[in-house]
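*Asks:* Sharing a structure here in C-alpha cells format.
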Ligand code: TRP
Ligand code: SF4
C-alpha cells in the first residue's frame, strides 16, 4: 500500500446504466456491499464519464441514474456505511482532472487499450474528442481526489488503474519537493527518538545504495509504528525513504473483482446489449417467464432424449445458484432423460426469486420516496466534497496555485 492514511479508503464508480441486472449484482454490487463493512468506501455515479460517449443525448444519463442508485440501495449499499454520490456534484473531480492534464503526456492516453477499442466498438459515435481521450485521466482524478488505496474494478479497467499510478508518481515527482523539504524530513526523523533515527538512516542508506527491498519494507514499518508522528509527517517520511518527494497523491491499487462473467439467459455473458438479462426489479412472473423460455441443449427435443448439461445455459445458472444435491439431480436427470427441462428450471426460478424478493421490496419503497434517494445523494456529495476539497488544497499548494 502506498500510504497509511489512504489504504483503508476504497473508491469506485459506475456509469449510469439504468436498471441493474443479475450480472451487475453478482459481478460488482455484492462486492461493494462487502467492502463497505471493511473500508471507508466512496461509490459514485460516473455521469461525466457517461458524457464522454453520450454527449449528444445526456437525457439518457439523467433518466438511468435514478434507477441505478435505487438498485444500489435496494441491493444493500448502505449510505450509513458508504459515501454514495454523483460525480458531477463534486466539482473537484473535474478540477483535479484539469490540473493533472498539465502533466499528462498525450502518448500515455493514446496507448490506453480502451481508447482504440471503444472507438472501434462505438463506430456510430464520433469519439475523436478531447473528452473521450481524457476518459482514463478523469478516472485517475476520481481515485486520486480521495487518495484511495484500493479500487475495485473488473479486468478491463486495470490499465486505467495502472495509468492512475503513473500519473500519481509523476505528480509526486514533479511537485512533491517543496522548498525546505529536506529540513522538514530531518525534523520528522528526529522526532522518532535517537535509537530509531539511527536505524532509520541505516535502512534508508541500504535501500538507496543497494536497492535493498527488505530494508525499505522495514523502514516503512518503522515509520508506521511511530505513535508520535502525525499523518502528515508519516507521509512525508514514506516519500523520503524512497528517495522521492512528499507523497501528495498516493498510488492506488486495483482490487480485481474475481467473479467470472455472469451467464445470461442465452449462454452469452449477461448484458443489456444482448437482451438476455434478468433485472433486479423483474417480477416473479417475469423471472418465471424468462427462465422457462431459456434455450436448452438442442439435443433434448423430446422428454426421452438425453441431454448434456455442459451444452445448456440453464446449467450455467445452476452452477451459481444450486447446491451439490440439486446439481447432481440435474446432471443425472438430464443425461438419463429422467427429468424434463421445465423440472430442471423450477428450482432455479425459485432461487432467483428468493434472491430478488427483498431487493424488489426495498426498491418499491424507494421508488415511492424519491426524496429519500435525493437526500442520500446530497449528503453523500457533501461528505465527498469535504475530502476532495482537502486534497485539492494540497494539490493547489503543490502546483503553486496558492496566491
Ligand atoms: N471506467 C469505469 C467503468 O467503465 C467507471 C469508473 C469511472 C470508475 N471512474 C472510476 C471505476 C473510478 C473505478 C474508479 O467501469
Ligand atoms: Fe438444460 Fe436442464 Fe434441460 Fe439438461 S435438463 S438440457 S441441463 S434445462
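*Asks:* Check 314, 326 and return the single one that is surrounded by 18 or more Cβ atoms within 10 Å (Cβ to Cβ) and under 35 Å from the mean Cα position of the chain (by Cα).
*Replies:* Answer to the check: 314.
*Asks:* Taking residue 320 as the residue in question, decide whether it is buried (at least 16 other Cβ atoms within 10 Å of the Cβ) and more than 8 Å from ligand 2 (Cβ to nearest atom).
*Replies:* Against the criterion (buried (at least 16 other Cβ atoms within 10 Å of the Cβ) and more than 8 Å from ligand 2 (Cβ to nearest atom)), residue 320 does not qualify.
*Asks:* Test residue 66 against the stated conditions and say whether it is surrounded by 20 or more Cβ atoms within 10 Å (Cβ to Cβ) and either within 16 Å of ligand 2 (Cβ to nearest atom) or part of a helix (DSSP H, G or I) (or both).
*Replies:* Taking the combined requirement at face value, the residue does not satisfy it.
*Asks:* Does residue 150 fit the bill of being over 30 Å from residue 363 (Cβ atoms), under 20 Å from the mean Cα position of the chain (by Cα) and surrounded by 14 or more Cβ atoms within 10 Å (Cβ to Cβ)?
*Replies:* So residue 150 does not fit the description; no.
*Asks:* Could you please let me know if residue 258 is under 30 Å from residue 287 (Cα atoms) and not in a helix (DSSP H, G or I)?
*Replies:* Yes.
*Asks:* So, in region 332-353, exactly how many residues are surrounded by fewer than 16 Cβ atoms within 10 Å (Cβ to Cβ) and either within 16 Å of ligand 1 (Cβ to nearest atom) or within 13 Å of residue 315 (Cβ to Cβ) (or both)?
*Replies:* Count: 2.
*Asks:* Right, something else. Out of all the residues in region 355-369, is one or more surrounded by fewer than 16 Cβ atoms within 10 Å (Cβ to Cβ), more than 16 Å from ligand 1 (Cβ to nearest atom) and either in a loop (DSSP other than H, G, I, E, B) or more than 34 Å from the chain's Cα centre (by Cα) (or both)?
*Replies:* yes
*Asks:* Further question: Listed residues 138, 133, 163; which is within 28 Å of residue 381 (Cα to Cα), crowded, with 20+ Cβ neighbours inside 10 Å and either within 16 Å of ligand 1 (Cβ to nearest atom) or modelled with pLDDT under 90 (or both)?
*Replies:* Answer to the check: 138.
*Asks:* List pairs: first residue in region 21-47 and farther than 19 Å from residue 87 by Cβ and in a helix (DSSP H, G or I), second residue within 16 Å of ligand 2 (Cβ to nearest atom) and modelled with pLDDT under 95 anywhere in the structure, Cβ distance under 7 angstrom, at least six positions apart or on different chains.
*Replies:* Going by the 7 Å Cβ cut-off, there are no qualifying pairs.
*Asks:* Given (1) more than 12 Å from ligand 2 (Cβ to nearest atom); (2) touching a helix residue (DSSP H, G or I) at 6+ places or on another chain (Cβ under 9 Å); (3) within 27 Å of residue 364 (Cα to Cα), identify the lone condition not met by residue 266.
*Replies:* Residue 266 satisfies every listed condition except (3).
*Asks:* Please count how many residues of region 187-216 are part of a helix (DSSP H, G or I) and out of contact with any helix residue (DSSP H, G or I) (no Cβ under 9 Å at 6 or more places or on another chain).
*Replies:* Summing the residues that are part of a helix (DSSP H, G or I) and out of contact with any helix residue (DSSP H, G or I) (no Cβ under 9 Å at 6 or more places or on another chain) in region 187-216 gives 5.
*Asks:* What pairs can you find where one residue is in region 97-122 and farther than 11 Å from residue 134 by Cβ, the other is part of a loop (DSSP other than H, G, I, E, B), and their Cβ atoms are less than 6 Å apart, with a gap of 6+ or different chains?
*Replies:* Between residues of region 97-122 that are farther than 11 Å from residue 134 by Cβ and residues that are part of a loop (DSSP other than H, G, I, E, B), the close pairs are 119/127.
*Asks:* Need the failing condition index for residue 403 against (1) touching a strand residue (DSSP E or B) at 6+ places or on another chain (Cβ under 6 Å); (2) at pLDDT below 95, just the number.
*Replies:* (1)
*Asks:* Inside region 295-306, can you point out the residues that are within 10 Å of ligand 2 (Cβ to nearest atom) and either under 40 Å from the mean Cα position of the chain (by Cα) or without any contact (Cβ under 8 Å) to a residue 12 or more places away in the chain (or both)?
*Replies:* Within region 295-306, 295, 296, 297, 298 meet the criteria.
*Asks:* Go through 350, 297, 316, 305 for me and flag whichever is in a helix (DSSP H, G or I), at pLDDT 95 or above and farther than 22 Å from residue 71 by Cα.
*Replies:* On the way: 350 fails: farther than 22 Å from residue 71 by Cα; 297 fails: in a helix (DSSP H, G or I); 305 fails: in a helix (DSSP H, G or I).
Only one candidate qualifies: 316.
*Asks:* Within region 272-294, can you find the residues that are more than 16 Å from ligand 2 (Cβ to nearest atom), part of a loop (DSSP other than H, G, I, E, B) and surrounded by fewer than 16 Cβ atoms within 10 Å (Cβ to Cβ)?
*Replies:* Across region 272-294, the qualifying residues are 275, 283.
The values are calculated or read from the model by the stated rules, or taken from the named source; none is laboratory data. Quick caveat: nothing in here was measured; it's all calculated off a predicted structure. Neighbour counts are summed over all protein chains in view; Cβ atoms, including those assigned to glycine, are modelled from backbone coordinates with ideal geometry.
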